[in-house]
Amino acid sequence: MKVLVSVKRVVDYNVRIQVKGDGSGVNLDGVKMSMNPFDEIAMEEAVRLKEAGTAEEVIAVTIGGDKAEEQLRSALAFGADRAIHVKVNEEVSPLTAARILKAVFEKEQPGLFLMGKQAIDDDNNQTGQMTSALLGIPQATFAGELKIDGNKATVVREVDAGLETIEVDLPAVVTADLRLNEPRYLKLPDIMKAKRKPVETVSMADLGVEAAPGLTVTKTSPPPARAAGIKVKTVDELVAALKDKGLV
Amino acid sequence: MTENEAVERDVMEYDVVIVGAGPAGLSAAIRLKQQNEDLAVCVVEKGSEVGAHILSGAIFEPRALNELIPDWKDKGAPLNTAVSRDDIYFMTGESGAFKMPGLFVPKTMHNHGNYIISLGKLCRWLGEQAEALGVEIYPGFPAQDAIIEDGIVRGIVTGDMGLDKEGKHKEGMYTPGMELRGKYTLFAEGCRGHIGKKLIRQYELDNDADPQHFGIGIKELWEIPAEKHQPGLVVHSAGWPLDLIGTGSLGGSFLYHLEDNKVAVGLIVDLSYTNPYLSPFDEFQRLKHHPVFKQYLEGGKRLSYGARALNKGGLYSIPKMVFPGGALIGCDLGTMNFAKIKGSHTAMKSGMLAADAAATALKAGGQGADVLESYPEAFKASWLYDELYRSRNFGVFLHKFGALIGGALNFIEQNLFGGKLPFTAHDRKRDHETLVPASQAQKIDYPKPDGKLSFDKLSSVFLSSTSHEEDQPSHLQLTDASIPIDKNLPEYAEPAQRYCPAGVYEVVEEKDGGKRFQINAANCVHCKTCDIKDPAQNITWVAPEGGGGPNYSAM
């Protein structure tokens, strides 16, 4: 079985996000970028499937500018056999991403498509679902556990009420949640080897994909600062303060 | 090794292994490839990416860069803001100051032709140039130790990953470090490198040198209202909140107007300070309320925070540079020119000189066991030596005579004698020996932060984007765990609580009234001040798990 894994270049989770002074977006100047952590989990799961003999080949795919190749190299260091770089310099909406991933899927015909449940930059949580819908194949989102048996996958999903176990036919889109696994440390020799693994570069035109009419971001603003609290000495004071604020 | 079984380590061989992707290490790497593109050159870096642990003012003198990459402008080097004006203030109190007339500014402080930059960004750019030449750079992999065999440095071993607090292997996560062997190894860890420190001791490199002297630089990056922003304006000050006349606490502050309404503001406190109650962090916070600084910062927003120790000993504190199989370069060696408050161009030059020496030796068939004697020889003949020679007395003048008188002596030396007074001053007291007992020291009552111009330590560290894996052995090691509470606390009121700019060290009161020394190692911004200033020399900084530490973006 072939496993396809999509990874996204995002602002590293350790970075304190700063909104640009003019509200036109988030400051990315000199900011550390990394592979989306949920995609790392998806990547780890794919590599484990390969190590277990369930998967024969792991292919990583990303959509982004030149620098997104760094994240593909990380994916290759994790253990992907080869990678596909869909070069797009503009912002990509979830629907456009899903269209691109659909085209890559159709070209590669994998038995399983793994990806993170959402990217930590825009938190959309849409691409996996849209890709499965466009492809007309099953989806198993928020996976906390994944078992492959022949052409079926059993997925334990993390849902609000607890855990839900479902069975889907393969090929399917499975999106990784936090508890699916703990990604390994990348080893230096693997990073060295990853430099020599093949990366195929394609454009949206090569794939015959057109961008979906996008969303327009009208404004970016930081969350409102928390106002300082006040200390009250008595219950009466508390009641008065609450009344004053119109809360009781 | 923490567990008893022998660890199987992967091994890779290179011509030259470089420790640290800062200005010195990257310049050395680039130079090696320029000399011979077939050389196998590898750079390891403890930060999560190139530039993540770089912190500097910074005003950049392009002299070394002009030599290394003459067409840096065409290649897009991030030198965007030329210095347009130099203002120097002597601060007489919390609101008083007088501006030094241009005539009296020492030549070393003339910044015409220099640029205000983010050194982190410059290093990222240098990293790209190096990789384009075929240098292998591995961020997130700290050198844990040098490989020394029969007295010869043969490379380094990278840090182990996946150890828990007790140093035991974490199930399924343990990843042993790798041996990176080089015919020559260049150490460019920056000021007070943890391997450099050991090599200096083991090879007795500093036997003929004066003690190294240090400062701690604390820096913030601000975005200020456009109408207050003057790209290229450089402001320096000496005096308040530190001493102007006395010598108990020395240092100076800076405020540089970069591009895009950004300003870098900071304070350097000499680690020769005497009062154990002094807190460099709090001195910096109150400094920003002084009218000289407030006029620019008021109404602005703080974007980033960080701190780093720097060497300021100068020429006569530089240890021997070479040992069998390797060399020290940059601030690991101590090449900063403190009179100019600049170390980037000097670090780059030292890396280039060492690279030349290594490339020549390799060309002659050198296998690395030898000492790169041509490096110190080339250093002596270079402009770097000349520059450091001219500035050799600056730090000592200040230590002995204070900012005002020492500064005046420096003016005389620099402007009237061209840096060549016919004598050399020495300062042989080490920075950890300068504290007076707490009983003889005045407590300092620092004002509370207002949350607009001044802030507390924790919210500051937050802006350094520092992160470490929590479950790992502490990378701040006490030789004797009893010293902080039994000795440092009664004698010096445990100064670690105050000199650490990241709130790593706390003295915690227990329920039974006893006291406990707590080390919050995950907060550490890798400034190395504790390793330098602890009066008992009981704290040793070692590299934590790879990628840990601050994530500076444009510092």
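The values are calculated or read from the model by the stated rules, or taken from the named source; none is laboratory data. Note that the structure is a prediction, hence the values are computed from the model and not measured. Every residue, glycine among them, receives a Cβ derived from its backbone with ideal geometry; neighbour counts consider all protein chains shown. Only protein heavy atoms, including side chains, enter the accessible area calculation; ligands, DNA and RNA are left aside. Shrake-Rupley method; radii C 1.70, N 1.55, O 1.52, S 1.80 Å.
Considering only the stretch B:117-136, state which residues are more than 20 Å from the chain's Cα centre (by Cα), in contact (Cβ under 8 Å) with a residue 40 or more places away in the chain and open to solvent by 10 Å² or more (accessible area, probe 1.4 Å).
Answer for the stretch B:117-136, where residues must be more than 20 Å from the chain's Cα centre (by Cα), in contact (Cβ under 8 Å) with a residue 40 or more places away in the chain and open to solvent by 10 Å² or more (accessible area, probe 1.4 Å): B:Gln129, B:Leu133, B:Gly134, B:Glu136.
Those residues that are over 30 Å from B:Pro324 (Cβ atoms), in contact with a Ser or Thr (Cβ under 9 Å, 6 or more places away or on another chain) and open to solvent by 40 Å² or more (accessible area, probe 1.4 Å), I need them from the stretch B:163-195; list them, please.
If the condition is that a residue be over 30 Å from B:Pro324 (Cβ atoms), in contact with a Ser or Thr (Cβ under 9 Å, 6 or more places away or on another chain) and open to solvent by 40 Å² or more (accessible area, probe 1.4 Å), then B:Lys165, B:Glu166, B:Lys168, B:His169 are the ones that fit.
For the structure I just gave you, tell me whether B:Ile444 is touching a Ser or Thr at 6+ places or on another chain (Cβ under 9 Å), touching a residue at least 12 places away in the same chain (Cβ under 8 Å), farther than 28 Å from B:Pro176 by Cα and open to solvent by 20 Å² or more (accessible area, probe 1.4 Å).
Judged against the criteria, B:Ile444 is a match.
With (1) in a strand (DSSP E or B); (2) more than 14 Å from chain A (Cβ to nearest Cβ); (3) open to solvent by less than 30 Å² (accessible area, probe 1.4 Å); (4) over 22 Å from B:Met336 (Cβ atoms) as the list, and B:Trp222 as the residue in question, which single condition is left unmet?
(2)
Give the stretch A:183-235 a look and list any residue that's in contact (Cβ under 8 Å) with a residue 24 or more places away in the chain, loosely packed, with under 10 Cβ neighbours inside 10 Å and over 25 Å from A:Val104 (Cα atoms), or say none.
Of everything in the stretch A:183-235, those that are in contact (Cβ under 8 Å) with a residue 24 or more places away in the chain, loosely packed, with under 10 Cβ neighbours inside 10 Å and over 25 Å from A:Val104 (Cα atoms) turn out to be A:Lys219, A:Ser221.
Among (1) closer than 28 Å to A:Ser34 by Cα; (2) away from every other protein chain (no Cβ under 12 Å); (3) of a type in the set (A, V, I, L, M, F, W, C); (4) touching an Asp or Glu at 6+ places or on another chain (Cβ under 9 Å), which single condition is B:Ala40 missing?
If we test B:Ala40 against (1) closer than 28 Å to A:Ser34 by Cα; (2) away from every other protein chain (no Cβ under 12 Å); (3) of a type in the set (A, V, I, L, M, F, W, C); (4) touching an Asp or Glu at 6+ places or on another chain (Cβ under 9 Å), just (2) comes out false.
Which of the following residues is under 26 Å from A:Ala211 (Cβ atoms) and modelled with pLDDT of 95 or more: A:Ile41, A:Ile59?
A:Ile59
Right, B:Val7: more than 30 Å from B:His289 (Cβ to Cβ), in contact (Cβ under 8 Å) with a residue 12 or more places away in the chain and part of a strand (DSSP E or B) or not?
Answer is no for this residue.
Taking the condition within 30 Å of B:His110 (Cβ to Cβ), modelled with pLDDT of 95 or more and open to solvent by less than 50 Å² (accessible area, probe 1.4 Å), does B:Gly217 pass?
It is true that B:Gly217 is within 30 Å of B:His110 (Cβ to Cβ), modelled with pLDDT of 95 or more and open to solvent by less than 50 Å² (accessible area, probe 1.4 Å).
Looking only at the stretch B:409-429, filter to residues that are part of a helix (DSSP H, G or I) and open to solvent by 50 Å² or more (accessible area, probe 1.4 Å); which one of those is nearest to B:Pro106 (Cα to Cα)?
In this case the residue turns out to be B:Ile412.
Please tell me if A:Ser24 is within 14 Å of another protein chain (Cβ to nearest Cβ), in contact with an Asp or Glu (Cβ under 8 Å, 6 or more places away or on another chain) and either open to solvent by 50 Å² or more (accessible area, probe 1.4 Å) or among the polar types (S, T, N, Q) (or both).
For A:Ser24, the condition - within 14 Å of another protein chain (Cβ to nearest Cβ), in contact with an Asp or Glu (Cβ under 8 Å, 6 or more places away or on another chain) and either open to solvent by 50 Å² or more (accessible area, probe 1.4 Å) or among the polar types (S, T, N, Q) (or both) - is not met.
For the structure I just gave you, tell me whether B:Arg392 is within 22 Å of the chain's Cα centre (by Cα), open to solvent by 30 Å² or more (accessible area, probe 1.4 Å) and of a type outside the set (Ser, Thr, Tyr).
No; evaluated as a whole, the condition is false for this residue.
Give me the pairs, please: first residue somewhere in the stretch A:19-30 and touching a residue at least 24 places away in the same chain (Cβ under 8 Å), second residue anywhere and of a type in the set (A, V, I, L, M) and part of a loop (DSSP other than H, G, I, E, B), beta-carbon distance under 6 Å, and either six or more positions apart or on two chains.
A:Val26/A:Ile17
Return yes or no: is B:Pro241 open to solvent by 10 Å² or more (accessible area, probe 1.4 Å) and either modelled with pLDDT of 95 or more or part of a helix (DSSP H, G or I) (or both)?
No; evaluated as a whole, the condition is false for this residue.
Looking only at the stretch B:137-160, decide whether some residue is in a loop (DSSP other than H, G, I, E, B), in contact (Cβ under 8 Å) with a residue 24 or more places away in the chain, crowded, with 22+ Cβ neighbours inside 10 Å and out of contact with any Gly (no Cβ under 7 Å at 6 or more places or on another chain).
no
Looking only at the stretch B:437-478, count every residue that is within 14 Å of chain A (Cβ to nearest Cβ), closer than 23 Å to B:Glu494 by Cα, assigned to a loop (DSSP other than H, G, I, E, B) and in contact with a Gly (Cβ under 8 Å, 6 or more places away or on another chain) and tell me the total.
Residues meeting the conditions: 0.
Any residue in the stretch B:215-232 that is farther than 22 Å from A:Gly30 by Cα sitting within a Cβ distance under 8 Å of a residue that is of a type in the set (Gly, Ala, Ser) and in a strand (DSSP E or B)? List the pairs, counting only those 6 or more apart or interchain.
B:Gly215/B:Gly251; B:Gly215/B:Ala309; B:Ile216/B:Ala307; B:Ile216/B:Ala309
Could you list, in sequence order, the residues of the stretch B:10-37 that are part of a loop (DSSP other than H, G, I, E, B) and within 13 Å of another protein chain (Cβ to nearest Cβ)?
Once the filter is applied, which keeps residues that are part of a loop (DSSP other than H, G, I, E, B) and within 13 Å of another protein chain (Cβ to nearest Cβ), the stretch B:10-37 yields only B:Asp10.
Out of the residues in the stretch B:103-116 that are of a type outside the set (D, E, K, R) and open to solvent by 60 Å² or more (accessible area, probe 1.4 Å), state the one that is nearest to the other protein chains (Cβ to nearest Cβ).
Step by step, filter the stretch B:103-116, then rank; the result is B:His112.
Could you list, in sequence order, all residues of the stretch B:64-77 that are assigned to a loop (DSSP other than H, G, I, E, B) and either open to solvent by less than 40 Å² (accessible area, probe 1.4 Å) or within 11 Å of chain A (Cβ to nearest Cβ) (or both)?
Scanning the stretch B:64-77 gives B:Ile69, B:Trp72, B:Ala77.
Would you say B:Asp86 is away from chain A (no Cβ under 14 Å), within 20 Å of B:Pro231 (Cβ to Cβ) and among the acidic types (Asp, Glu)?
So B:Asp86 passes the test.
Could you check the stretch B:49-63 and list, in sequence order, the residues that are over 13 Å from B:Asn114 (Cα atoms) and more than 13 Å from chain A (Cβ to nearest Cβ)?
Correct list: B:Ser56 only.
Limited to the stretch A:72-102, what total is found for residues that are closer than 21 Å to A:Asn125 by Cα and in contact with an Asp or Glu (Cβ under 6 Å, 6 or more places away or on another chain)?
Going through the stretch A:72-102 one residue at a time, the tally reaches 0.
Kindly indicate the residue of the stretch B:267-312 that is within 14 Å of another protein chain (Cβ to nearest Cβ) and part of a loop (DSSP other than H, G, I, E, B) and also most open to solvent (accessible area, probe 1.4 Å) among those meeting that condition.
B:Gly299
Going through the stretch B:455-489 one residue at a time, which ones are without any contact (Cβ under 8 Å) to a residue 24 or more places away in the chain and more than 21 Å from B:Tyr305 (Cα to Cα)?
Listed by number, the residues that qualify are B:Ser482, B:Asp486.
Provide a single number: the residues in the stretch B:28-78 that are of a type in the set (Phe, Trp, Tyr) and in contact (Cβ under 8 Å) with a residue 24 or more places away in the chain.
Residues in the stretch B:28-78 being of a type in the set (Phe, Trp, Tyr) and in contact (Cβ under 8 Å) with a residue 24 or more places away in the chain: 1 in total.
Considering each of B:Phe423, B:Phe455 in turn, give the residue that is of a type in the set (Phe, Trp, Tyr) and modelled with pLDDT under 85.
B:Phe423
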